[in-house]
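One structure is given below, encoded as structure tokens.
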Amino acid sequence: MCATSTIYNHLFRIIHDVIKRNIIGRQLKQARLSSRPKITQNELAARLQTLGIAIDRTMLSKIESGFRPVYDFELEALARALRIPLTQLFETKTEGIKARQR
């Protein structure tokens, strides 16, 4: 790997962390992939369409990576489509571990 590429990748990570536009992306992806059976982004997009929410696979990818903000009504629909409590999308790893230990 050349030095320019390494520098570019490092800068990209720094910029990504600075311009993150939502706090639920990581939890959304985790909830989607931990459901049984796993739900693909296309399947989740289809579920959202039935709820009247126009979010496609590309938008879901941007939400999961933190590049797209999420409106409150979209957040509610995401939780409904995944059949999870809304609060689960705000749960950190530490909170999830503490809740399971109780």
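Computed from the coordinates by the stated procedures, all read-outs in this text should not be read as laboratory data. Please read these numbers as outputs of a predicted model, since none were measured by experiment. Heads up, the Cβs are rebuilt from the backbone with ideal geometry, glycines too, and the neighbour counts pull from every protein chain shown.
Quick one: putting +1 on the C-beta of Lys and Arg, -1 on the C-beta of Asp and Glu, what dipole do you get for segment 21-101 around its Cα centre, in Debye to the nearest 20?
Value, rounded to 20: 340 debye.
With a ≥ b ≥ c the root eigenvalues of the C-alpha gyration tensor of segment 31-87, is it rounded (a/c under 1.5), prolate (a/b larger than b/c) or oblate?
Because its axes are fairly even, with a/c under 1.5, segment 31-87 counts as rounded.
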